[in-house]
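Each remark here refers to the structure printed beneath this line.
The values are calculated or read from the model by the stated rules, or taken from the named source; none is laboratory data. Treat the numbers as computed from the prediction; the structure is a model and nothing was measured. Glycine also receives a Cβ, built like all others from the backbone with ideal geometry; neighbour counts cover every protein chain displayed. In case anyone asks, the SASA skips ligands and DNA or RNA and just uses the protein heavy atoms, side chains included. Shrake-Rupley method; radii C 1.70, N 1.55, O 1.52, S 1.80 Å.
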Amino acid sequence: MNRMAQACIMIFFGAAVLHASVTDLYLRYVKEGLRPFLIAASLLLIAAAVMTLWYDLRPRADVPEDHHDEHTHREPRVAWLLLLPALGLLLVTPPALGSYAAGQAGTALTAQQDYDDDYPPLPAGDPVTTTVFDYAARALFDKGQSIGDRRIQLTGFITPGPDGQPILARMILSCCAADGRPVKLGMAGNAPTGLADDTWIQVTGRYTDRVTRDPVNDEEIPYIDVESWRQVTAPKDPYE
């Protein structure tokens, strides 16, 4: 490709990344703390593209016209297909990782991982709001001792469980969606029924020592004894 085509593609990619960064679309791909780096990278791409255009379009009085003609080549038009990923990022809003991804991967909580032996007390409130990961870790590795009889409020999406019954799940990220892994939580008691996969709900319940096994990696999945639940909209940041 010539410099003009390169600059156009860089501008599109820079604009796509900048658009995603300022509209919270980037949360579908990476962790929230990476936003400043994405904005800086997009501005750098746009600046480099502008400088490339300026360099290519500036008058070149020192170069004879026939010299330009001798080195003019037609680039293959297929190269412009490189614009499609950037246009897709600008025009299409992809879904966040959900029930399909959760069903393909084993639960992120494994017995081989090293977790804190001493869990800090839960914050004040009734019910106390925490993450699916925090509750599941306390339920499995602390045997619910740091939970006690407290009422817990969790938010996640519906995905099919090992026995076909709906379970609560939430994807966690180390860096980006490519390394996303699910935390799975069974629901006993007044568990919801008849909800479609990927439906977001908020459940309130208490600790139970009931567990099951994840058929994907054979790790334990804890349960929560649901007292009440309600359907909610997906959070701005769908990952933990």
Any idea which residue in region 42-97 is modelled with the highest pLDDT, counting only those that are open to solvent by 80 Å² or more (accessible area, probe 1.4 Å), part of a loop (DSSP other than H, G, I, E, B) and within 30 Å of ASP198 (Cβ to Cβ)?
PRO95
Out of ASP225, ASP134, I need the residue that is modelled with pLDDT of 90 or more, closer than 15 Å to THR110 by Cα, among the acidic types (Asp, Glu) and not in a loop (DSSP other than H, G, I, E, B). Which one?
ASP134
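Condition first: out of contact with any Cys (no Cβ under 9 Å at 6 or more places or on another chain) and crowded, with 19+ Cβ neighbours inside 10 Å. Now tell me which residues in region 19-39 satisfy that.
ALA20, SER21, TYR26, LEU27
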Across region 188-207, what is the number of residues that are more than 17 Å from ASP134 (Cβ to Cβ), among the hydroxyl-bearing types (Ser, Thr, Tyr) and either open to solvent by less than 20 Å² (accessible area, probe 1.4 Å) or within 22 Å of the chain's Cα centre (by Cα) (or both)?
1
Kindly indicate whether any position in region 105-121 is touching a Phe, Trp or Tyr at 6+ places or on another chain (Cβ under 9 Å) and assigned to a helix (DSSP H, G or I).
no
Taking the options LEU173, LEU185, name whichever one is open to solvent by 10 Å² or more (accessible area, probe 1.4 Å) and not β-branched (Val, Ile, Thr).
LEU173
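Does ARG210 satisfy the condition of being open to solvent by 40 Å² or more (accessible area, probe 1.4 Å), free of Cβ contacts under 8 Å to residues at least 40 places away in the same chain and over 18 Å from the mean Cα position of the chain (by Cα)?
Yes, satisfied.
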Is it the case that some residue within region 149-164 is more than 17 Å from ARG210 (Cα to Cα) and aromatic (Phe, Trp, Tyr)?
yes
